[in-house]
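Worksheet: the structure to be examined is printed underneath.
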Amino acid sequence: MKSHMLLLKVLLDELGSRCCTSTSRDWKTIKARFKDEGLSFLTITLPAFCDDLQKGLDKEKVDSTLFVGYSKNGYLPRFLSGFTSQIFDPQSGVLVDNPSFEAIQSLRQLTLFYGKLNLPCSDARIKAAFDKFVDCEKQVKLYDAIRTEADYSDFARISSILFGDVFSIVDRKVYEGDIIPKHGPGKTADRLDGNAKYNQAVWTERLEAHFPHMENVFPSVSHFLNGPEIDLLDPGSEVPVKVTAVPKTLKTPRIIAIEPTCMQYMQQGLMEVIVERIESSDSLSHFIGFSDQKPNQQMARDGSLSGALATLDLSEASDRVSNQLVRELTRYWPHLTDAVQATRSRRADVPGYGVQRLAKFASMGSALCFPMEAMVFLTIILRAISKELNTPVTREFIKGLEGRVRVYGDDIIVPVEYVQSVVHELQAFGLVVNMNKSFWTGRFRESCGKEYYGGSDVSIVRCRRMLPSQRRDVLEMVSLCSLRNQLYWAGLWRTCAYIDEKIREFIPFPIVEATSPGMGRHSVLSPQGEKECSDLQKPLVKAAVVSGQAPLNSLEGPGALLKYFLKRGEQPFADGNHLERSGRPQAVYIKLRWVPTC
């Protein structure tokens, strides 16, 4: 960790210079705390300092409940006081009249820099996450039991007004057999990878009732008649989703569920149609998004300027969406309802708990999880606002909220005057609003990876991986190059210069444009080629390139034909050897070669 501490020292000094404050005592504190607490000080304790900063910005004052564990000068901690005193009055803790945007961003940059380092959590923290997953399932069942029929009926009515046009189209497509399945790029519970997915030999009886395997697993009727027999699994024999932990922060891992191949296959096809219809809808596209985060980010900026819009964040959002709510969401479209339920895995294999029956709709890992949860959240939000105004939800009511309500996954934006009602209604439906990441009283807002204070962008750059110690640390080298270029565009050029020297110890690091295949420095300066390529008519430089070969995974016959029929778009496959090799490379390496600068 010595290299990480040296990098943090350079960053601290540059941020101090930017804010015209000395950081020598801050560095002594960091070294002492790191010696006592180790890596957790950088990855857990410092991010908690930022949480308190953001709470103070939202409340527009610091009180005795914030920055606990630090010696204080008045209400402010002595640690990093050169920055905090440019934001809050040290004696009263009240926000100063003109807080320094640079001090706010610098504090966030420093304290969150290592907050999402890609390292595995301890076994105890992973076990606690699985315990929480099971406990969350119990809570979903509890809220299912206490909701009234009136709640469900009103929820279904609002969803029909919101999504009726889209659901009617998708319902007909399901009925007419126009859902085109699609394989995703990720892992599957039955361990089929790459081309092997096109030769799947397992289907379920639940899928068969709405998506016959003759039409979806085989490229033609003749192949179905002459092909291998497919194993149709009854509900009790279906492969459960595999619940697993992946790195998120050292404080807690992210829990996902890996779906069986056949389920993911049809989920992808159904998701594609739903998302396309919603994003092309003249009305719904103003309220909900799946592929473009910019509208949410712009609304968060507007909210930080005007104070009229609040940003809300949900905890464990996916795991708290009840399947019963999804049923009500699609209540009036029987074919769509049956299709969604047929592609939903009912059981999960949870480490330490075995196979569990699920009340939630799905965890992250299901292709339908993201769109379904967003639609559920939007329905609840509109119900909350209508109850607050004592006005029924109509198309005119919805039209009046355009530009003021938007949902992207669990990132929610609502008018400030309805925050309390929305929070109460979300909680009444079993969801948990993360108060540490929800803002509405001050001028700080965050949504979809962007943070703003008073209209100024105070977003930060994060170090995602450990620093490389040799050229063979490929993922770490790629991450460090990316970190360097992000810091460059953030204006932290002294820190960039330090990273440049570290990278040059392993590879050449020329100036290139973002479109270049080589690993290099991004700059406002134009890249200078070392020689000219006569074929491409482009300047070339010697640079490192990440290379890797997909594993051998040949595909022929019906499987290859099916892959062709399922291809989206008119362009040919980008990889000419896709039928010979497929899947993610098992190993990647760095090689030096001549590459275009752009």
- Using DSSP to define loop residues, name the GluC sites (Glu not before Pro) in segment 383-453 whose beta-carbon has at most 14 other beta-carbon atoms within 10 Å. E402
- Among L552, I385, A374, whose Cα lies farthest out toward the positive end of the dipole of the chain, if unit charges sit on the beta carbon of Lys, Arg (+1) and Asp, Glu (-1)? L552
- Item | Charge dipole (segment 412-521, unit charges on Cβ, about Cα centre) - positive-most of W440, S516, V419 | S516
- Message: Test of understanding: what is the full-extension gain from Y564 to V355, defined as 0.36 nm times their sequence separation minus their Cα-Cα distance?
- Response: 71.6 nm
- Note on the structure: Note on the chain: helices (DSSP H) long enough, at least 15 Å by alpha carbon along their axis, and hydrophobic enough, mean Kyte-Doolittle at least 1.0, are 369-389
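Based on DSSP H runs of at least 4 residues, each adding -39500 (n - 2.57), what is the mean residue ellipticity at 222 nm of the chain after dividing by all its residues, to the nearest 500 deg cm²/dmol? The partial results should precede the final answer.
Numbers: 20 runs with 247 residues, N = 598.
Taking each H run of at least 4 residues, the total per residue is -13000 deg cm²/dmol.
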- Label-reachable residues, segment 435-460, where backbone N falls under 15 Å from a point 7 Å from E60's Cα toward its Cβ: 440-445, 454-455
- Amide proton proximity set for Q86, modelled H, under 5 Å, gap of 5+: none
- Message: Give the separation of the Cα centroids, segment 134-186 to segment 1-74, in Å.
- Response: 45
- Assign unit charges at the C-beta atoms only (+1 for Lys and Arg, -1 for Asp and Glu), then state the dipole size of segment 123-453 relative to its Cα centre in Debye, rounded to the nearest 20. 920
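Rounded to the nearest 20 Debye, what is the dipole magnitude of the chain about its Cα centre when Lys and Arg each give +1 and Asp and Glu each give -1 at the C-beta?
Details: 74 positive and 71 negative charges, 429 e Å.
In total the dipole reaches around 2060 debye.
Counting pairs of alpha carbon atoms under 8 Å apart in space and at least six apart in sequence, what relative contact order in percent does segment 474-596 give?
On the way: 166 pairs, mean separation 31.4, N = 123.
Taking the mean separation of contacting Cα pairs over the length of segment 474-596, I get 25 percent.
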- Item | Listed candidates (i) 3, 17, 27, 26, 18, 7, 2, 0; (ii) 3, 14, 23, 24, 16, 10, 6, 3, 1, 0; (iii) 3, 14, 22, 25, 22, 12, 3, 0, 0 - label of the one calculated as P(r) over Cα pairs in 10 Å bins from 0, in percent | (iii)
- Taking other Cβ within 10 Å of each residue's Cβ, how do D58, D97 sort, fewest first? D97, D58
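What order do you get for T23, T311, T148, T394 when you list them from fewest to most C-beta neighbours inside 10 Å? Numbers along the way, then the final one.
On the way: T23 23, T311 27, T148 8, T394 12.
The order, fewest Cβ neighbours first, is T148, T394, T23, T311.
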- Message: What does the charge count around I30 come to, taking other residues whose C-beta lies under 14 Å from its C-beta (Lys +1, Arg +1, Asp -1, Glu -1)?
- Response: +4
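Which order do the peptides 8-14, 280-286 take when ranked by the mean count of other beta-carbon atoms within 10 Å per residue, highest first?
8-14, 280-286
Taken together, the values in this text are just the output of simple stated rules run on the coordinates, not laboratory data. Fair warning: this is a prediction, and the values are worked out from it, not measured in the lab. Note that we place each Cβ from the backbone using ideal geometry, even for glycine, and neighbour counts take in every protein chain shown.
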